[in-house]
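Input: a single structure, listed below in C-alpha cells.
Since every read-out is calculated from the coordinates, none of them should be taken as a lab result. These numbers come from a predicted model, not from an experiment. All Cβ positions, glycine included, derive from the backbone under ideal geometry; neighbour counts span all protein chains shown.
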C-alpha cells in the first residue's frame, strides 16, 4: 500500500470514529516556532506549564526517531450551553470556560488517537507511532497549522474555517510516510479585535501572549492573585473565552457533535457559595471528570471567593468570615479577607476587625488590612 492510499484510508477511518478534521504534516524541525519560543523565553512570557526544553518542542526526531509524518486531529466542541442557569442576586454563579465543558478532552482525544495508532499498526505492522494531547512536548497549534487544520490566529488559538477556534487538538508522530497537506494561509488580516478585547492586555500583539497576564493561566495558579488581576477575573472559575467569543471567525459557530462534550449546566456554571465549603472528596465527585479540575480544589475556591467579591454578595459575608478565621490555607484566608473588604458591609468590617487580632500569617494580615482600608475608603462605619 502506498502512503497516498493509506492516507485516504486513514481519512475515511477518522471520520468513522468521530474525528471532525484530520491533517498531515512532515516531521521536520519547527524552525520558525523555535525562534518564537526563544523570544517568549527571553521576555518571560512562558506560563511554566509547558515543556521547558525548546529542542524537544521543535524537533520531532527527539520524540520519535525516524518520524516521517505528524498527523493532526481536531474535534469541535460546543460554544453555547443549552438551558444555562441564570446567576441571580440570591444565587450567584461562576463559569468554567468552554474547554472545560463535558468530559475532560484529554481522555476523548487520547482514545481517538489510540484507535488511529491501532489502525496504522494493522496496515503497516512495522510502523512506530507516539501520540500526545496538549501536555506533550510538541506545540499542538504549530502542528495543526502545518497540517492544514487551521491558521494560528492573533488570539493564539488555531482557527479552522469549519469550526472556528472551538476545537480540541491532538497529534501523532509516526514513522510511516503520508503525503503532507497544504497549510491554510492566515485569514485574520487587519482584524485586531481579540488583542483589543483581552481583559488584562495579555495579548501583547497579534499572535504573542504573555501567559503570566492571561486570565486562563491566572485562574489555574494556586497562590495569591496579584491585586490588579482580581478585578479582571469577574466570575471566571477556570479559563477565559474572551479572545474567542469576540472573534468574527467564531460568529455562529456552535457544534454539538460529541455527546460527551455537552456541559452539565450545574457543573459548567456552578453556584458559588457551595464551592466554599466543599471537601476534596465532594470536589472530585462533582468536578473530577472535567479538565478544569486538574489543579485541584484550591484555585477554584480562591476564584469563587473573588467572584463573590465581584458580585458584592452580602449574603456570603458569613461564609467568607468563616473561611477567613478557620481555613488552614493562608491563600484562602487572605483572599476571603480581601473579598470582605470588597463587599464592604458593616458586618464585613466587624469580621475583619475581629480576625485581625488572631491572625499570625503576615500575608493574610496584609490582606485583612487591605480589606479594612477598602471599607474605610467606601466610608462604611
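I need the calculated FRET efficiency for the pair residue 325 and residue 378, taking r as the beta carbon distance and R₀ as 22 Å, to the nearest 0.05. FRET efficiency, residue 325 to residue 378: 0.50. Stretching residue 257 away from residue 363 to a fully extended chain increases their span by 33.4 nm, per 0.36 nm per residue minus the current alpha-carbon distance.
Can you give the calculated 222 nm mean residue ellipticity of the chain, where each DSSP H run of n ≥ 4 adds -39,500 (n - 2.57) and the sum is split over every residue, rounded to the nearest 500 deg cm²/dmol?
Values: 17 runs with 162 residues, N = 381.
The helix-only estimate for the chain comes to -12500 deg cm²/dmol at 222 nm.
In this rough spin-label picture, where each label sits 7 Å from Cα along the Cβ direction, the residue 55-residue 231 distance is 4.6 nm.
If packing is taken as the average count of other Cβ atoms within 10 Å, what order do 87-95, 266-274 fall into, highest mean first?
By packing density, highest mean first, the sequence is 266-274, 87-95.
What separates the Cα centres of the range 293-327 and the range 266-281 is a distance of 10 Å.
Students often check this: by mean Cβ neighbours within 10 Å, which of 276-286, 172-182, 243-253 ranks highest, and how do the rest follow? Don't skip to the answer; put the middle values down first.
On the way: 276-286: 13.5, 172-182: 19.2, 243-253: 17.5.
In decreasing order of mean packing, 276-286, 172-182, 243-253 become 172-182, 243-253, 276-286.
Each Cα pair under 8 Å and six or more residues apart adds its sequence gap; the mean of these over the residue count of the chain is a relative contact order of 19 percent.
If you fit an axis through the alpha-carbon atoms of helix 346-358 and take the longest principal axis of the Cα set of the chain, what angle between them do you get, 0 to 90°, nearest 10? The angle comes out at about 90 degrees. Placing dummy labels 7 Å off each Cα toward the beta-carbon, the span from residue 13 to residue 29 is 3.2 nm. Helix 317-326 sits at what angle to the longest principal axis of the chain, using alpha carbons and giving 0 to 90 degrees rounded to 10? The helix 317-326 is inclined about 80 degrees to the chain.
Quick check: Cα centre of the range 210-240 to Cα centre of the range 353-381, how many Å? Value for the Cα centre distance between the two parts: 22 Å.
By per-residue mean of other Cβ atoms within 10 Å, what is the highest-first order of 196-205, 19-28? Spell out each step's value before the answer.
Details: 196-205: 16.6, 19-28: 21.2.
Going by the mean number of other Cβ atoms within 10 Å, highest first, we get 19-28, 196-205.
Take the Cβ atoms of residue 191 and residue 347, set R0 to 35 Å, and the FRET efficiency comes out at 0.15. How far is helix 362-378 tilted off the main Cα axis of the chain, in degrees rounded to 10, range 0 to 90? Orientation of helix 362-378: about 70 degrees from the principal axis. The calculated FRET efficiency for residue 134 paired with residue 62, based on their beta-carbon distance and R0 = 22 Å, is about 0.70.
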